[in-house]
Amino acid sequence: MLVGWAIIIFLTIPLARAIESFFVTYFGKGFFGYFVISAVVAALGLSILRIKRFLALKLSVVNYLWLTGIAGVYIYYTIKLWEQPIEATHFLQYGVLSYFAFNALRHHVSDNTIYLSSLMIVLLIGTLDEVIQWMVPERYWDIRDVWFNFLSGLLLQLAIFKGTRPGGITSGIDPFSFRILSILVVLSAVLLGLCASNTPARIAYYSSRISSLSFLASNHAMMSEYGFQHRDPDVATFYSRYRKQRLLAIDNQKNRNYSEILNSWGTKEYEEFLSKFNPISNAFLHEMRVHLFRRDTHLSRAQAEKRPVKRKAYFTIAYKENLILEKYFGKTLGRTVYYWDQNTRDAVKAESDPEADYQSPVSSNLFTSFTEKQLWALVGGIACALLLVNIWMSVRGGRKSVGRQT
């Protein structure tokens, strides 16, 4: 069942948008949400019925509270994802996957590592799911989705561990079980490490050499990028693939050429521009265009907004984004149709909160707190630590359980 369910998840990736469109058209956007909530409630009821009638287990009030609370968390995230129907269904899918992973491991693992090993299987499949999505046209990689998949699997394992308390699981750790867990942890860490190393430079390298992967070079949603978080007290906090000095140097050297490109693309599709000038082909123009889009979008929202608080918030975003553009993309901006004259700047400033702390979300997907070398050092450290623990456990007694039966 585990393998079959994983295959279903993978096969539905290219069909997901078509399936979503069909059900939204004929049943409304709320269909997926109601379906997931109904499935969660049904699963809760069936679990309790199975435990009481077929397994003849006695559960305490605490067990019921755990089961009900976890069902509530599933419902909470379903409501939170109401405007993203496919993601709500995905959340349920990975709960089911987690259950199948636990059942599959029951044949090999009989101690508490089964819960962690099940989670690692969910993490592996969830990461592979995102990798495949990234390679499918009009689908994207999002590390947040990996986290949501993992969270769904974690909730299901908690439901089993704290809610149903299945028999036959020992509290000790068997060396063989720990070996399985170790392999799954290392595989997950290596896969995530490879994803984190799939930078624009590497994508450009292999997509130019493997013709069947050439389409990846025009995907404006990169898998992993490293950069910098810049805190400018006079402007705002923002992210970039370049250091401040490099941004200013590019702006100084390329402003004439880049301004011509921006002006010539003025009436064309925003998404088309980002595909043409993505972080592989031109990271500077990519960043600048996203800042422009955010500035202009929030200016339009502010002008249409009647509620004073919201209106001021939108104007503040537009004002702060323009400050970033003027200071770090200024020479290019000054040659384009996107440049604000003094009257526009003054009018926006008057409606905004110039003293507000602002952190632009543009390029916030960049890894800024660690380097690629540090990441692989961590992966290597985890692998070495697990290897040493496995050696120690083998020396201590092979596969003899080091715990007692719960």
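What follows draws every value from the coordinates through simple rules; no lab data is involved. As the structure is a prediction and not an experimental result, all values here were calculated from the model. A quick note on method: Cβ atoms are made from the backbone with ideal geometry, for glycine too, and the neighbour counts reach across all protein chains shown.
Please report the net charge: other residues with Cβ closer than 13 Å to the Cβ of residue 312, K and R +1, D and E -1.
With Lys, Arg at +1 and Asp, Glu at -1, the neighbours total +3.
Distance from the Cα centre of the range 247-270 to that of the range 326-347, in angstrom?
13
Just rank 234, 174, 346, fewest to most, by other beta-carbon atoms within 10 angstrom.
234, 346, 174
How much length, in nm to one decimal, is gained on full extension between residue 374 and residue 82, taken as 0.36 nm per residue of separation minus their Cα-Cα distance?
101.4 nm
Counting only Cα, what are the radius of gyration and maximum Cα-Cα distance Dmax of the range 257-378, in Å?
16.3, 53
Taking 60 Å as R0, compute the FRET efficiency from the Cβ-Cβ separation of residue 296 and residue 38 and round it to 0.05.
Given R0 = 60 Å and the Cβ-Cβ separation, E is 0.90.
What is the fewest-to-most order of 277, 215 by other Cβ atoms lying within 10 Å of their Cβ?
If I rank by nearby Cβ atoms, fewest first, I get 215, 277.
Pairing the Cα long axis of helix 2-11 with the longest principal axis of the chain, what angle in degrees results, from 0 to 90 and rounded to the nearest 10?
20
Quick one: angle between helix 283-304 and the longest Cα principal axis of the chain, in degrees between 0 and 90, rounded to 10, please.
Between the helix axis and the principal axis of the chain, the angle is about 80 degrees.
What FRET efficiency would be calculated for the residue pair residue 347, residue 234, taking the C-beta separation as r and a Förster radius of 22 Å, to the nearest 0.05?
So the FRET efficiency works out to roughly 0.60.
Only Cα pairs under 8 Å and at least 6 apart count here; give the relative contact order of the chain as a rounded whole percent.
RCO, the chain: 17 percent.
Too long at a 18 Å Cα-Cα cut-off: which of 244/327; 58/162; 268/312; 80/306; 244/276; 327/349?
268/312; 80/306; 244/276
Between residue 270 and residue 395, what's the calculated FRET efficiency when r is the beta-carbon distance and R0 is 51 Å? Round to 0.05.
Computed FRET efficiency for residue 270 and residue 395 comes out at 0.25.
Taking the range 320-388, which trypsin sites (Lys or Arg not before Pro) meet the DSSP loop condition and have no more than 12 other C-beta atoms within 10 Å?
Listed in order of number, the matching sites amount to none.
Taking only Cα atoms, what is the 0 to 90° angle, nearest 10, from helix 143-158's long axis to the longest principal axis of the chain?
20
Give me the distance in nm between label points sitting 7 Å out from Cα along the Cα-to-Cβ direction at residue 10 and residue 357, one decimal.
For residue 10 paired with residue 357, the spin-label model returns 4.6 nm.
For residue 90, what charge total do you get from the other residues with a beta carbon under 9 Å from its beta carbon, if Lys and Arg give +1 and Asp and Glu give -1?
-3
Would you give the gap between the C-alpha center of the range 26-49 and the C-alpha center of the range 125-182, rounded to a whole Å?
Going from one Cα centre to the other spans 21 Å.
Counting other C-beta atoms within 10 Å, which of 199, 78 has the fewest, and how do the rest follow?
So the ranking, lowest neighbour count to highest, is 199, 78.
Which whole-number percent of Cα pairs in the chain have a distance greater than 35 Å?
44
Restricting to bridges with both residues inside the chain, how much of the DSSP beta-bridge set is antiparallel, in percent to the nearest 5?
Antiparallel: roughly 60 percent of the beta bridges in the chain.
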